[in-house]
Every structure is written in C-alpha cells, then in structure tokens.
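See below for the structure under consideration.
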Amino acid sequence: MIIQPRTRGFICLTAHPEGAAQHIKNQIEYVKSKGKIADGPRKVLVIGASTGFGIASRISAAFGSDAATIGVFFEKPASEGKLGTAGWYNSAAFEKEAQAAGLYAKSINGDAFSDEIKQQTIDLIKKDLGQVDLVVYSLASPRRTHPKTGVAHASVLKPIDQPFTDKTVDFHTGVVSDITINPVENPEDIENTVAVMGGEDWKFWIEELKAAGVLAEGVKTVAYSYIGPELTYPIYRNGTIGRAKDNLEATVPPLNEILKDLNGVSYVSVNKALVTQSSSAIPVVPLYISLLYKVMKAKGIHEGTIEQMQRLFAERLYNGSDLQLDDKGRIRVDDLEMREDVQKEVAELWGQATTENLEEISDIAGYRNDFFQLFGFNFDEIDYEKDTNEVVNIPSIG
C-alpha cells in the first residue's frame, strides 16, 4: 500500500515501516559514531522500549556497548491491509539491525503493568540471559489496570487548584492562541494520574525481578522524568503530571533499599524537552519546544532523544563518569536546556510569539519534522509515493 501521514490533533494515525527503519538506522549510526561506552551494560531490560527515550535507550545499550537487550512494549502489530503502530515498526527494525550486528535482541509485546507480562519477561531472562545488569523504566501510557486490585486508572493532564491560561500553538497550522485549562475538580484525578505515571509499577518490576533472582550484582535501574521551565510549571511540574513525577522520584530511596544487598542502585534521569508522542499532547509544550529548538540549535547545543540517551549512558551512568547528581539525587541531562542563557532567550521569544512571526522566531518547522519522523515520515531516503509492504514482523515475536 501507499502510506501517507494522516493526523488527528496531536496524533498521527499512520506509520511508515520503511521510514521507521530509516529512523532506527540513523540513531544506530549516531551511537556507533560516538565509539564504544567503556564498562557499559551487558544485559539490559528496557520496559517501554518501542518509542522515544525507550527505543533510544535500547539502541544506546546495544550499539554503544554491545549489550544483549530485551524490550517490553504494548504495540499494535501489522497485518495485511492494516498498519502497525510506529513502535511496532521501530522494534522490528531494531531487532533486525541488532541481529545483523550479532547482538541478542528479543521483545515482548503486552501490558507491562500486568503480572503476566512481568512473569513472561522473567522467564525469558532466565532462559536466555540469566540476569540483567540494567533495567530501564520508560513507560508512557494514559491508563493502567492495577495488577493487584484490578482497578482501571486513567491519567489526566490538568493544573491543580486554579485555572491556567497561556499561549499554545497548533503545530500543524502554526496558529498561536491562548488556552485556558481548568484545574482538577476531583482529588481522585490526581491519585489516578499518580497510579498510572508514578513509581509504583517501577517498584513492582524491581521487586519481582529481584525475587526471581534475575538481577545481577551491581545492577542499575533508571527511570525518566522532566522538570522544565517555570512557564510550563502550572500545566506540568505543578500539575497532575508533576505529582506523578514527584512520586516516581520518591521511589528511588525504597528501590535503593531493595537493591542494597546486590550493591545495586536506582536513579531518575531528568531529560530535555523533546518532541515525543506524549509531549505533543501537552498544551503550551509544543510552543515552548519550538522556541527552545531555535535557541539551542543557534547555540550548537541541540540534542534529540538519541543524543540525550547516548550522553546519559556514556557521560553519566557508565564510563567511570561523574553522575553530577543534583541536590535531590537526580541525574540532569536537561543541563543544556536549563542553562541560564538558553532560558532567558526562550522567555524573551515567548513574550513575542504570535501566529504572524512564529515561523521566523521559532523552529516550528523543526518541530513538525521531528513529529512526523516519529511515525516514519519526512525521511529523504524514503520514496513515500511507492507501494510499501505494511506487514512487518518482529523476528522474536513473529
């Protein structure tokens, strides 16, 4: 079939398998260009491994330190006449590239919140790897069925206590407008968001992996968070998502206690604002990112997801590097984004931004390009006018 992008709001309804494969190849080539990561991970489990920071983490481990990887994700497979999701095509491409390079790579497709998928993962580790020495937790989901209670929780994206009004942009059209988001009315909305996006499931994973004996001596585990600038605080860090991120970060001390007898350690890495399927859904954030990209590219310090994850692995987690933890014990690879000079310029541009001048003062074109590349589009190497086989299998899944 001929596959073109079709969008609805911040969602792209289609994905291109050959474009996704090109996206994966580009990220692999970047990691290889940086050289091997000394003393990097050898056997890695990535939970939430199919898009964004998750797939970039898997690529960084595999092609940065020749690690064997198991990826867990929940994606829609491709079938005749029906496209798979971008994450499905990403994972298929990754496995094929890894196997061609002689690297172990297998995947599990299912609800990572469930006990069943946790057990399947444990069984696969026992069978093939014995133990893992790095667990990356990078799940992004709008809902979670709690494995112990059976209760279905849905997250909400809202401020707390008072309405929030500020600029936003429709990144497809470039129209800048004001948006008002009303605060949560029910405290249960906060609790549900924490249940979906907080640290409880990360803790469940580590507890069950440890109990099964599949965590290696000196194991590391890392989860991802975001802080951002004050202008996004009401909708992000001080909103419902921020409460969930607070909970995620508060999970580190109990995890360290669990891992203590293995000499293991857990971290939260605070990453840069980037174009992801999740960030595109947050009002205000696409406008902020488009201005941020303009400033950081002009300064020569822009990074995408693969640059962020390669740097996290090579300059923080491994290679004998200084973790450079902040006063709350977090790794900060948002350090370039949060530089004073960068934030000052972004704030000035924010005050100026209108529909009329957006193309000039921002990198909204770069935002759009990154968005479509998430789904395998906008790669010069791909002919999007030709027939493409939509049925692509993930080798370890079939």
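The values are calculated or read from the model by the stated rules, or taken from the named source; none is laboratory data. The model shown is predicted, which means the values in this text are computed figures rather than measured ones. Virtual Cβ from ideal backbone geometry, glycine too; neighbours counted across all protein chains shown. Keep in mind that these areas ignore ligands, DNA and RNA; they rest on the heavy atoms of the full protein, side chains included. Shrake-Rupley method; radii C 1.70, N 1.55, O 1.52, S 1.80 Å.
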Taking only protein heavy atoms and a 1.4 Å probe, what accessible area per residue, in Å², does the chain have with all protein chains in place?
41 Å²
The range 308-331 versus the range 343-398: alpha-carbon centroid distance in Å
28 Å
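For Thr388, Thr305, write out the residues from largest to smallest accessible area, computed with a 1.4 angstrom probe and no ligands counted.
Details: Thr388 5, Thr305 30 Å².
The residues order as Thr305, Thr388, largest area first.
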Note on the chain, DSSP bridge orientation, antiparallel percent to nearest 5 equals 30 percent
With the dipole of the range 184-316 worked out from charges on the C-beta (+1 for Lys and Arg, -1 for Asp and Glu) around the Cα centre, which of Leu248, Gly264, Tyr293 lies farthest toward the positive end?
Tyr293
Could you tell me whether the range 1-122 comes out rounded, prolate or oblate from its Cα gyration tensor? Rule is a ≥ b ≥ c as square roots of the eigenvalues, rounded for a/c under 1.5, then prolate if a/b exceeds b/c, otherwise oblate.
oblate
Can you send over the carbon and sulfur percentage of the accessible area for the chain, probe radius 1.4 Å, protein chains only?
48 percent
Answer with a single label: of [x] 31, 26, 22; [y] 40, 26, 17; [z] 34, 26, 19, which was calculated as semi-axes √(5λ) of the Cα gyration tensor in Å from the structure in view?
[x]
Using Cα pairs under 8 angstrom and six or more residues apart, how large is the relative contact order of the chain, in percent?
24 percent
Under 20 Å from Lys203, Cα to Cα: aspartates and glutamates that are on another chain or at least 8 residues apart
Asp111, Asp115, Glu116, Asp123, Asp133, Glu191, Glu217, Asp246, Glu249, Glu257, Asp261
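Going highest first, how would you order 78-87, 7-16 by mean Cβ packing within 10 Å? Kindly include the intermediate steps, with their values, before the conclusion.
On the way: 78-87: 18.1, 7-16: 15.7.
Top to bottom by mean Cβ count within 10 Å: 78-87, 7-16.
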Set of lysines with alpha-carbon distance to Lys158 below 18 Å, sequence-local pairs under 8 removed
Lys167, Lys245
Per the charge dipole of the chain (beta-carbon charges, Lys/Arg positive, Asp/Glu negative, Cα centre), the residue among Pro41, Ala152, Gly366 reaching farthest to the positive end is Pro41
Just flag the GluC sites (Glu not before Pro) in the range 163-220 sitting in loop per DSSP whose Cβ has no more than 12 other Cβ atoms within 10 Å.
Glu185
Most to least accessible of Trp202, Trp350 (protein chains only, probe 1.4 Å)
Trp350, Trp202
Filtered GluC sites (Glu not before Pro), the range 308-398: DSSP coil and at most 12 other beta carbons within 10 Å
Glu356, Glu381, Glu385
Taking Asp161, Asp363 and ranking on accessible area (1.4 Å, protein atoms only), highest first, one gets Asp161, Asp363
Magnitude of the Cβ-charge dipole of the range 208-300, K/R +1 and D/E -1, about the Cα centre, nearest 20 debye?
520 debye
